[in-house]
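The values are calculated or read from the model by the stated rules, or taken from the named source; none is laboratory data. Note that the structure is predicted; figures quoted are calculated from it, not measured. Note that each Cβ is placed from the backbone with ideal geometry, even for glycine, and that neighbours are counted across all protein chains shown.
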Amino acid sequence: MHAESLLELLKSRFSTAIGDILNQPAERVDPVVRPSAEARFGDYQCNAAMSLARAAGCKPRELAERIVAGVRLEDVAEPPEIAGPGFINVRFRDAYLAARVAGIPAAGSLDRLDIPPRARPQRVIVDYSSPNIAKQMHVGHIRSTIIGDVFARVLAFLGDDVIRQNHVGDWGTQMGMVILGIWHVFRLDAEERVTDAAALVRHFEDAAAAVGANAEPGARRTRLAALAEEMSQALSKERSGRWGAWLGEFEAGRTRIAPTLDVLTSAYRFVNAVEDAPESGGIGVADPLRSRPVPLARLSNHIVAEMLHARHAEELHAWRIAREVSLRETQHMYDRLGVLLRPEDVCGESFYHDRLEGTVAELRSRLTERDASRPASAPYGVVRDDQGAVCVFLYDETHQPLFKNPEGEPLPLLIRKSDGAFLYATTDLAAVRYRIEELGARRLIYVTDARQVQHFRQFFAAARAVGWACHEVSLEHVTFGSVMGEDRRPLKTRSGSTIRLSELLDEAEERVAAVIRERQSALEATAPALPEEELRTLARAIGVAAVKYADLKNDRNSDYVFSWDKMVALQGNTAPYLLYAYARLRSILREAGADAEPDALYASDATPAASAGAAPVRLDHSTERALALRLLRFREALAVVAADLSPHVLCTYVYDLSADLTQFYEACPVLKAPDAATRRSRLRLCDLAARTLRLALELLGIRAIERI
RNA sequence: GCGCCUGUAGCUCAGCUGGAAAGAGCAGCGGAUUUCUAAUCCGCCGGUCGGGGGUUCGAGUCCCUCCAGGCGCGCCA
């Protein structure tokens, strides 16, 4: 039997009392119960008297007195005190807090800490991470991945039916470039027998430089013309079915050539450089399917078009290879980061490809001018063709455009380009429909950076206008700020390129290892040296935790300054400090041996001593009481995170809990407690604190460490 | 030009949706201590909450306005 949270309990008691006074049903009263700002104002305060005094027709202080007279709290709290203009301060009775803490059962196979699941669970989509898979994951992907994972964990813990969706960019122009890149990889393997991944990367870097902006124009033109000739020949072979054979060989040689994402990325960059070269528009590539040559600058677009129309299986086959290689590497990164995302959560752009045509048709038939001529009671949309593109224009109830361009004209949401291609708005609309109608989602959470806010507002409005998202469906765009370097510019390497996620984690581990070594040498006299192997393991775990925690601890909307020194620091609100607090608890519980086994610790409730009045938990010292109160308030933090989607609230909670713990240790010896009952009580507090800390960290996606 | 985000102690940030005398950490200064893991605890120093106006019994929080920084604004995602 789960008891209601302390906050819920007070809210309900005060609502009843105030409802009686105002002659209103209790459900309609906001009792304005808050945790007290300071300890001298009790544990919680009810601030309703001030705001309701006018309605009650009396002075705030007088209303406060009537509330205090009417509220029933004798069973849980000391008599409430009225202070200032009409604050009602409530302090729980120590015995009540002790009983509540003692009421939390031993950990089951699924440790819920007696926190009840939601009364009304929802099917929730969390759309997060969603990288473009043609490229290595870099720092730009880290926030969505880490923040979104917390939502998936917290909402699932609270009982929601969470469906993770990794909406990867696995379709479109960038994949055309990768396909061309694969073609080059293959060509080098087949014709020049370059099979070493590092050599391939070097080759593509050199080749990209040869056609880059710094190359001599004459040489560049010669080089590009030669490339166009090679590709013309290749396409002619491909169209006669020979490329398929090459791809077969390529696949067979994959273990030999190891087409890592590195290789694909460098090949992609090479293709990009070719298409961007100033001369590429004027140099053509012959494709037997076309009467006229395809400009080199548009070759990947052409390839994508072939892929889209599935006229040739080769492009699709190359696409599959590129996708598979990319996704495998992406999964490695998720595993290393310790996020929940799995291959089965991938549902990317390509998934929606054959729904796009229908999506546009449906929007066109349902958002017609006819609706625009009617009096509107809600925002609505109209699909119109404009400059050859299919556009959704969105208006509010008063027929004013919801979005405007810099010229002040209505800004449409484009769902089909003038060349017939679809856009990401089309995919997003197809996805929102799929998620609501086929996956049955009632809450859709999108975790992306704040720059996309207008796009989300537009396509949310379109989804509402067309009726795919009714008012019972919640569409939430969860934004976050940028990661800044210490120079206040977006985080980059010293040379100005983006930082790969793998490099970031490598460095985090290095920094943590250095901090541990330093600590070791400072303690050399007292602590045995840590074997190198263990140090690496420890550094790996703490390094990832440090990066994730640093990302989560700030309000997600503000840009945050990335600081190695701060995130790996042993003091302050950092992952190392929290992991240490947990390890220290585990150390005490280990020392206690059998006494701290769940059987012994929790069975004591049923012993004759317990029934004779020796309560299993006693809160004699103020730090014990503060710790107990903190433990009982874990649910409040979780509720805020679930409602506001703000992970930093949970971070603040674990930090406060850790701080309570150190103060508790300072004042209250556990193993050397003055008597057996106190020792057992304190061990129980330690066990509950360890379980709370472990669970809270887990919900933040951070694995606790048993010893440091 | 319009829209969104941000502005709180020297630095990095909280501030639970309008409540009491604005809080942490770091840095600085001073103390504690033969440690159940000192990766500790206690104290001190430090604030015109970007400026101004308004609403309110009450504003860091809501409204208006100005200032500073960041981002976005039609066929990229």
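Miscellaneous remarks
- Answer from A:A134, A:A106 - the residue that is farther than 22 Å from A:E636 by Cα and touching a Phe, Trp or Tyr at 6+ places or on another chain (Cβ under 7 Å): A:A134
- Taking (1) more than 6 Å from RNA strand B (Cβ to nearest atom); (2) more than 30 Å from A:P490 (Cβ to Cβ); (3) in contact (Cβ under 8 Å) with a residue 60 or more places away in the chain in turn, A:E597 satisfies each apart from (3).
Results for (1) under 30 Å from A:R451 (Cα atoms); (2) part of a helix (DSSP H, G or I); (3) without any contact (Cβ under 8 Å) to a residue 40 or more places away in the chain, shown as yes or no for each residue.
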{"position": "A:E65", "(1), (2), (3)": "no, yes, yes"}
{"position": "A:V68", "(1), (2), (3)": "no, yes, yes"}
{"position": "A:A95", "(1), (2), (3)": "no, yes, no"}
{"position": "A:T145", "(1), (2), (3)": "yes, yes, no"}
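- Residue within the stretch A:53-68 that is surrounded by fewer than 20 Cβ atoms within 10 Å (Cβ to Cβ), under 26 Å from A:L97 (Cα atoms), within 11 Å of RNA strand B (Cβ to nearest atom) and modelled with pLDDT under 90 present: no
- Residues of the stretch A:442-488 satisfying the condition of being more than 9 Å from RNA strand B (Cβ to nearest atom) and basic (K, R): A:R442, A:R443, A:R464
- In the stretch A:25-52, of all residues being farther than 24 Å from A:E4 by Cα and surrounded by fewer than 21 Cβ atoms within 10 Å (Cβ to Cβ), the one that is farthest from RNA strand B (Cβ to nearest atom) corresponds to A:R40.
- Restricting attention to the stretch A:423-451, the residues being in a helix (DSSP H, G or I), at pLDDT below 95 and not hydrophobic (A, V, I, L, M, F, W, C) number 2.
- When the stretch A:544-564 is limited to residues that are under 12 Å from A:P576 (Cα atoms) and over 14 Å from the mean Cα position of the chain (by Cα), the one that is farthest from RNA strand B (Cβ to nearest atom) turns out to be A:V544.
- Wholly within the stretch A:631-701, helices (runs of 4 or more DSSP H) carrying at least 2 residues that are touching an Asp or Glu at 6+ places or on another chain (Cβ under 8 Å): A:647-667, A:676-699
- Residues satisfying the stated conditions in the stretch A:1-28, i.e. among the hydrophobic types (A, V, I, L, M, F, W, C) and closer than 21 Å to A:D75 by Cβ: A:M1, A:A3, A:L6, A:L7, A:L9, A:L10, A:F14, A:A17, A:I18, A:I21, A:A26
- Which numbered condition A:R488 fails, given (1) in the same structural domain as A:L402 (by TED's automatic domain parsing); (2) surrounded by fewer than 12 Cβ atoms within 10 Å (Cβ to Cβ): (1)
- Residue check for A:G481: over 22 Å from A:T359 (Cβ atoms) and outside any helix (DSSP H, G or I): yes
- Qualifying residue in the stretch A:172-186 (condition: closer than 30 Å to A:S109 by Cα and either outside the structural domain of A:A228 (by TED's automatic domain parsing) or buried (at least 24 other Cβ atoms within 10 Å of the Cβ) (or both)): no
- Total residues in the stretch A:667-683, condition over 15 Å from A:R590 (Cα atoms) and more than 9 Å from RNA strand B (Cβ to nearest atom): 6
- When A:E27, A:E4, A:E8 are screened for being among the charged types (D, E, K, R) and not in a helix (DSSP H, G or I), only A:E4 passes.
- Within the option set A:S502, A:S521, A:S497, being within 21 Å of A:T330 (Cα to Cα) and loosely packed, with under 12 Cβ neighbours inside 10 Å holds for one residue only, A:S497.
- Counted residues, the stretch A:379-417 - those being near RNA strand B (Cβ under 7 Å from one of its atoms), part of a strand (DSSP E or B), in contact (Cβ under 8 Å) with a residue 24 or more places away in the chain and out of contact with any Phe, Trp or Tyr (no Cβ under 9 Å at 6 or more places or on another chain): 3
Residue by residue, here is whether (1) touching a Leu at 6+ places or on another chain (Cβ under 8 Å); (2) more than 18 Å from A:L632 (Cβ to Cβ); (3) among the charged types (D, E, K, R) holds:
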{"position": "A:D30", "(1), (2), (3)": "no, yes, yes"}
{"position": "A:D43", "(1), (2), (3)": "yes, no, yes"}
{"position": "A:N47", "(1), (2), (3)": "no, yes, no"}
{"position": "A:A56", "(1), (2), (3)": "yes, yes, no"}
{"position": "A:K59", "(1), (2), (3)": "no, yes, yes"}
{"position": "A:E62", "(1), (2), (3)": "no, yes, yes"}
{"position": "A:I88", "(1), (2), (3)": "no, yes, no"}
